[in-house]
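The values are calculated or read from the model by the stated rules, or taken from the named source; none is laboratory data. Being a predicted model, the structure only gives us computed values, none of them experimental. In this analysis, Cβ positions are derived from the backbone assuming ideal geometry, glycine residues included, and neighbour counts consider all displayed protein chains. Surface accessibility is based on the protein's heavy atoms, side chains included, excluding ligands, DNA and RNA. Shrake-Rupley method; radii C 1.70, N 1.55, O 1.52, S 1.80 Å.
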Amino acid sequence: MIGPGTGVRVYLACGVTDMRKGIAGLAALTQDVLRQKPTSGAVFAFRGRRGDRIKLLFWDGQGFCLYYKVLERGRFPWPNAQDGAMRLTSAQLAMLWEGIDWRRPDWGARLRARGVIVR
């Protein structure tokens, strides 16, 4: 993913977000629900009801970047909390983007899925 890089602050919006929202709607949620400034340079992550899609909102200093990913199979791991925000590290964000459960990574899972035998 071309994105904000390492060391960036990451806020995960707990609960469900309407995936029809665009940049303006997600920026408003960032301010109203997460209590953060959308132009702070942090990454804000939102997940839809089905769990198979996420959006990342990021201010790069010149404008907003909106990243959107839909999984072909499976769901993105997400906390159970209904409201509020959770902080992630940039490494956890990278795992989340790849569909790896950042709470309990199984490093051999991707290798097994590709047919490589791990012993």
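The criterion of being over 18 Å from A81 (Cα atoms) and small (G, A, S) does not hold for A13.
Just to be sure before I move on: is D60 closer than 24 Å to N80 by Cα, of a type in the set (D, E) and open to solvent by 40 Å² or more (accessible area, probe 1.4 Å) in the structure I sent? The answer is no for D60. For first residues located in segment 64-78 and closer than 15 Å to A94 by Cβ, partners that are open to solvent by less than 50 Å² (accessible area, probe 1.4 Å) and lie 6+ apart or on another chain with Cβ distances below 6 Å form the pairs Y67/L56; K69/I54; F76/R47; F76/G51; F76/I54; P77/D101. Applying the set (1) under 14 Å from the mean Cα position of the chain (by Cα); (2) among the basic types (K, R); (3) surrounded by fewer than 16 Cβ atoms within 10 Å (Cβ to Cβ) to R47 leaves exactly one unmet item: (3). Note on segment 16-41: among residues that are outside any helix (DSSP H, G or I), open to solvent by 60 Å² or more (accessible area, probe 1.4 Å) and over 22 Å from P77 (Cα atoms), the one that is modelled with the highest pLDDT is K37. Would you confirm whether or not segment 23-40 contains a residue that is farther than 16 Å from G84 by Cα and under 14 Å from the mean Cα position of the chain (by Cα)? Looking for residues that are farther than 16 Å from G84 by Cα and under 14 Å from the mean Cα position of the chain (by Cα), one finds none in segment 23-40, hence no.
Exactly one residue out of R75, R103, R87 is open to solvent by 80 Å² or more (accessible area, probe 1.4 Å) and more than 15 Å from A45 (Cα to Cα), and it is R103.
Would it be correct to say that G7 is modelled with pLDDT of 95 or more and either open to solvent by 40 Å² or more (accessible area, probe 1.4 Å) or not hydroxyl-bearing (S, T, Y) (or both)? So G7 does not fit the description; no. If we scan segment 63-80, do we find a residue that is in a loop (DSSP other than H, G, I, E, B), within 11 Å of the chain's Cα centre (by Cα) and not hydrophobic (A, V, I, L, M, F, W, C)? Among the residues of segment 63-80, at least one is in a loop (DSSP other than H, G, I, E, B), within 11 Å of the chain's Cα centre (by Cα) and not hydrophobic (A, V, I, L, M, F, W, C), which makes the answer yes.
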